[in-house]
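We did not get these values from a lab; they are worked out from the coordinates using the rules stated. Computed from a prediction, not measured in an experiment: that's the story for all the values here. Counting neighbours? That spans all protein chains shown, and the Cβs are built from the backbone with ideal geometry, glycine included.
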Amino acid sequence: MINKIEEMMSPEQRKEASELELHKRGIRINVQLHVIESDEEVELRTPDEVMQRMLALWGVTGAATGGDVASYRNYLESHGLSACLSAQEYAFLFSDEPSEELRAQCAQRQESLYFLAWAAGLTDKLAVPTQAANLKQVLKFFPHAMEAPERLQAALKPRRKGQVLDWSDLLYRLHWAVRHAHITGRDAPGNLNADAVREWHQAANWLCQYEEENDWDKVSTET
């Protein structure tokens, strides 16, 4: 991503920086999109909330991509984390025969997990998504058996709010470009991975408590 100055950026400066990034990549810009909230208006989720959400996503996406469903169920239940699953996630993980559509939706949440892992400091770099996320370096922090998630907790180094908001603004504008391309029957612009853009945008909005929505399934990604 573009290198941005370390001091606090205004919403207008953030919008300008994001539009410059889109311009560099040849991605259509909608100048009518509004600015996002300022740093003072946003309170990020707590580290504990982020860790619990990541563990929920880890269990659901692991099961959705071929992992042992019973093991993930048992882990989340034994550590009191099943309540952290959204309604859709619970329906998938605790159904004997979930639909293929729901399985596919849950598998795509690997992208949400990747973005939250970056926000939690588990991975150093984040680039505009043009391919599926590689979770290899992230998953090493997650439980390998039934142990408590102490390794994950110890590894948390939450990003500064400004860094998260930089991405929140950029993803808002990238998501509009992806949606516009879809509506007009074109491929995603700038070689973007449309699924990743959507999932990252949702994760960013959840992290920033957009519209004070706590239900993961209902977090808006309006553009």
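In the stretch 1-143, if the dipole is taken from +1 on Lys/Arg beta carbons and -1 on Asp/Glu beta carbons about the Cα centre, which of Leu57, Ala132, Ala119 is farthest to the positive end?
The residue sitting farthest along the positive end of the dipole is Ala132.
Count the net charge of all other residues whose Cβ sits under 9 Å from the Cβ of Arg109, scoring Lys and Arg as +1 and Asp and Glu as -1. Please report the intermediate quantities before stating the final value.
Details: positive: none; negative: Glu89, Glu111, Glu199.
The answer is -3.
Checking understanding here: applying a Kyte-Doolittle mean of at least -1.0 and a length along the axis of at least 30 Å (C-alpha), which whole DSSP H helices in the chain pass?
Values: long enough: 161-183 (33 Å, -0.24).
TM-like helix candidates: 161-183.
Which length gain, in nm to one decimal place, applies between Arg28 and Glu222 when the Cα-Cα distance is subtracted from 0.36 nm times their residue separation?
Values: separation 194, 0.36 × 194 = 69.84 nm, distance 1.72 nm.
Residue separation times 0.36 nm, minus the Cα-Cα distance, leaves 68.1 nm.
Based only on other Cβ atoms within 10 Å, what is the fewest-to-most ordering of Arg173, Arg28?
Working: Arg173 23, Arg28 16.
Starting with the residue having the fewest Cβ neighbours, the order is Arg28, Arg173.
When we measure straight from the Cα of Lys136, which lysines land under 19 angstrom away, once same-chain ones fewer than 8 places off are left out?
Result set, ordered by chain and number: Lys125, Lys157.
Rounded to the nearest 20 Debye, what is the dipole magnitude of the chain about its Cα centre when Lys and Arg each give +1 and Asp and Glu each give -1 at the C-beta?
On the way: 24 positive and 35 negative charges, 180 e Å.
Using only the charged Cβ atoms, the result is roughly 860 debye.
About the Cα centre of the stretch 84-161, how large is the charge dipole given +1 on each Lys and Arg Cβ and -1 on each Asp and Glu Cβ? Please answer in debye to the nearest 20.
Numbers: 10 positive and 9 negative charges, 148 e Å.
For this selection, approximately 720 debye.
(i) 110; (ii) 121; (iii) 133: which one is volume of the Cα convex hull per residue in Å³ as calculated from this entry?
(ii)
Can you give the net charge of the other residues whose Cβ lies under 13 Å from the Cβ of Leu93, counting K and R as +1 and D and E as -1?
On the way: positive: Arg73, Arg103, Arg109; negative: Asp68, Glu77, Glu89, Asp96, Glu97.
Surrounding charge for Leu93 is -2.
In whole Å, what is the distance between the alpha-carbon centres of the stretch 169-193 and the stretch 34-89?
About 26 Å separates the Cα centre of the stretch 169-193 from the one of the stretch 34-89.
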